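The values are calculated or read from the model by the stated rules, or taken from the named source; none is laboratory data. Just so we're clear, the structure is a prediction, and the values are computed from it rather than from any experiment. A quick note on method: Cβ atoms are made from the backbone with ideal geometry, for glycine too, and the neighbour counts reach across all protein chains shown. These area figures cover heavy atoms from the full protein model, side chains too; ligands, DNA and RNA do not enter into them. Shrake-Rupley method; radii C 1.70, N 1.55, O 1.52, S 1.80 Å.
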Amino acid sequence: QVRNIEMDPLAREEFLLTGYVTGPDTLYPDVKQLQAGEYLIVTDNNTQLSISTKRYYRFIHQNTLEVSEEELLSKLDEVLLNVFKRLIMLADGRTLVVPLSGGYDSRLIILMLKRLGYDNVITFTYGRPGNKESEISKQVANTLGYRWEFVPYNNEAWYKWFHSEERNKYWLMAGELCTLPHNQDWPAVWEMKKQGILPNDCVFVPGHTGDFIAGGHIPLAFDIYKNFGEKKFINAVQEKHYCLYYKCNGRGLFDKQIINRSEFDSYNSSEDCANAFEKWEWQERQAKFIINSVRVYEFWKYKWWLPLWDAEFMDYWCKVPLQYRLQKNLYDQYVEKLYSRITRVAKSPTVANPKPFLNRISYALYITLRATPFYSPISKLYNYFNKKRLTEFDKHPLAAWGRYAKTREDFYETCSGKKNPLSINTIIYIELITDNNRD
């Protein structure tokens with residue numbers, strides 16, 4: 001409608017590096033998006049319409065609770081009971097469908113549903129048969145007595161799904177010119193729908209994104225070395241988010257933009273940097289890339305609800321001190337205790353590192369090495385072998401490389417050397433919307 005034919009070159013570069021476009025921009029210069037926590041005001045001045053935006057919410061930590069760890073856990077329990085009572089009220093007896101991974105977020109959801117006596121629940125997972133995540137998912141569902149469905153993925157099935165007309169329609173609907181559409185459970189929902197597993201009025205309840213809200217994405221650099229400053233903040237954002245390719249030569253183009261998007265005045269302490277980092281990720285990656293995955297359910301005509309983005313849950317974590325948010329220490333401790341209490345099993349199964357201090361040691365070694373002349377050659381050697389590991393055609397747990405190639409020979413021709421499937425998807429999405437725009 002605004003007759004944009006050519007993409008904004010900077011937005012395109014950012015999309016290739018991150019999988020989304022930050023701020024109010026999209027891939028096209030005159031097409032804008034509302035940001036998380038923002039609303040639009042349109043005023044009719046008789047002769048013309050004036051448009052402006054206002055902020056009603058930002059995910060910013062302040063006014064921390066100066067109480068003991070035991071009191072923080074007690075308050076978290078109270079908050080979660082309120083959150084899941086609201087979910088149950090909304091469900092009103094309908095089937096709740098939980099994508100159950102091997103992680104803590106979806107596990108917390110079914111633990112709370114079990115605790116509150118809601119039994120009309122279907123859990124599901126997907127991937128290559130026998131993958132670690134699905135095995136843990138099945139174990140947790142069986143322990144709690146919930147129905148568990150598994151949708152097998154393989155290279156051949158993925159190629160058929162990915163090259164279907166339905167996938168093109170879904171991508172055009174879900175990308176909205178600003179983000180890469182979510183693929184991971186799109187075919188799983190499609191297959192369950194075709195098999196009649198899902199009631200038409202069911203509500204999907206994914207675990208987005210308790211680990212982030214609870215502090216799990218805060219870079220360890222802000223704690224281990226007490227690093228702070230504007231440059232440290234920029235580097236942390238770029239290392240985490242501007243990283244879909246091994247060679248990210250365009251990162252330097254976005255230094256000022258990262259600061260402008262953060263909307264913070266100070267980076268003078270570890271707390272400042274951690275708070276700014278979480279606010280930036282909430283507004284950009286979480287809202288545009290992660291939460292946008294619910295378009296999967298909308299495309300297949302299902303409802304959804306995100307209990308771990310409940311306002312009361314978010315407000316609670318905005319007041320939790322940094323020491324309890326680092327590596328989501330408080331959150332993991334709560335889920336572990338809840339699992340033990342409800343299942344009477346001493347330790348819950350996990351694919352995560354059970355010893356967080358090892359993360360701190362490895363990160364400290366990484367930072368130390370990066371400051372030496374040995375970092376560059378070691379990094380290149382690591383990337384060479386890591387690329388070979390990540391791009392194994394027959395071993396990816398979700399068979400994700402099968403989307404792009406029918407045979408191993410085709411795979412090595414088109415996919416070998418790519419960091420991950422998202423690196424290819426960004427290019428395919430740009431080609432799809434370019435062709436659609438020209439049509």
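Residue by residue through the range 32-58, note down the ones that are within 26 Å of Asp439 (Cα to Cα) and open to solvent by less than 40 Å² (accessible area, probe 1.4 Å). Once the filter is applied, which keeps residues that are within 26 Å of Asp439 (Cα to Cα) and open to solvent by less than 40 Å² (accessible area, probe 1.4 Å), the range 32-58 yields only Gln33. In the range 335-354, the residues that are closer than 17 Å to Leu76 by Cβ reach residues that are open to solvent by 50 Å² or more (accessible area, probe 1.4 Å) and at pLDDT 95 or above with C-beta atoms within less than 7 angstrom, at least six apart or across chains, in these pairs: Ile342/Lys114; Ile342/Arg115. The set of residues in the range 132-155 that are under 22 Å from the mean Cα position of the chain (by Cα) and among the small types (Gly, Ala, Ser) comprises Ser134, Ser137. Restrict the check to the range 65-80 and report whether at least one residue is loosely packed, with under 11 Cβ neighbours inside 10 Å, touching a strand residue (DSSP E or B) at 6+ places or on another chain (Cβ under 7 Å), modelled with pLDDT of 95 or more and not in a loop (DSSP other than H, G, I, E, B). No: zero hits. Which residues, counting only those in the range 333-346, are under 30 Å from Ile60 (Cα atoms) and open to solvent by 40 Å² or more (accessible area, probe 1.4 Å)? Gln333, Lys337 - these are the residues of the range 333-346 that are under 30 Å from Ile60 (Cα atoms) and open to solvent by 40 Å² or more (accessible area, probe 1.4 Å).
Report whether or not Arg403 is modelled with pLDDT of 65 or more and charged (D, E, K, R).
Details: modelled with pLDDT of 65 or more: yes; charged (D, E, K, R): yes.
Judged against the criteria, Arg403 is a match.
Residues that are aliphatic (A, V, I, L, M): find the strands (runs of 3 or more DSSP E) completely inside the range 86-173 holding 3 or more of those.
Details: elements: 96-99, 121-127, 147-152.
Those strands (runs of 3 or more DSSP E) span 96-99.
Filtered by the rule that a residue be in contact (Cβ under 8 Å) with a residue 60 or more places away in the chain, more than 13 Å from Val121 (Cβ to Cβ) and open to solvent by 30 Å² or more (accessible area, probe 1.4 Å), the range 81-103 gives Asn82, Arg86, Leu90, Ser101. From the set of residues in the range 127-143 that are open to solvent by 10 Å² or more (accessible area, probe 1.4 Å) and touching a Leu at 6+ places or on another chain (Cβ under 8 Å), which is modelled with the highest pLDDT? Within the range 127-143, the match that is modelled with the highest pLDDT is Arg128.
Applying a threshold of 9 Å to beta carbon distances and a minimum spacing of six or more residues, or different chains, the list of pairs starting in the range 2-17 at a residue that is part of a loop (DSSP other than H, G, I, E, B) and surrounded by 19 or more Cβ atoms within 10 Å (Cβ to Cβ) and ending at one that is of a type in the set (Phe, Trp, Tyr) and modelled with pLDDT of 90 or more reads Met7/Phe15; Met7/Tyr28. Taking the criterion of being assigned to a strand (DSSP E or B), under 32 Å from the mean Cα position of the chain (by Cα) and not small (Gly, Ala, Ser), the residues of the range 43-57 that qualify are Ile51, Thr53, Lys54, Arg55.
Counting only helices (runs of 4 or more DSSP H) that fall entirely inside the range 226-317 and contain at least 1 residues that are open to solvent by 10 Å² or more (accessible area, probe 1.4 Å) and modelled with pLDDT under 95, the qualifying elements are 230-241, 255-262, 270-281.
Is it fair to say Phe212 is of a type outside the set (Val, Ile, Thr) and part of a strand (DSSP E or B)? No.
Contact map, the range 53-79: residues that are without any contact (Cβ under 8 Å) to a residue 40 or more places away in the chain paired with residues that are assigned to a helix (DSSP H, G or I) and open to solvent by less than 90 Å² (accessible area, probe 1.4 Å), Cβ distance under 8 Å, separation 6+ or inter-chain. Pairs shown: Val67/Lys75.
Residues that are open to solvent by less than 40 Å² (accessible area, probe 1.4 Å) and assigned to a loop (DSSP other than H, G, I, E, B) within the range 18-30 comprise Gly19, Val21, Thr22, Gly23, Thr26, Leu27, Tyr28, listed in sequence order.
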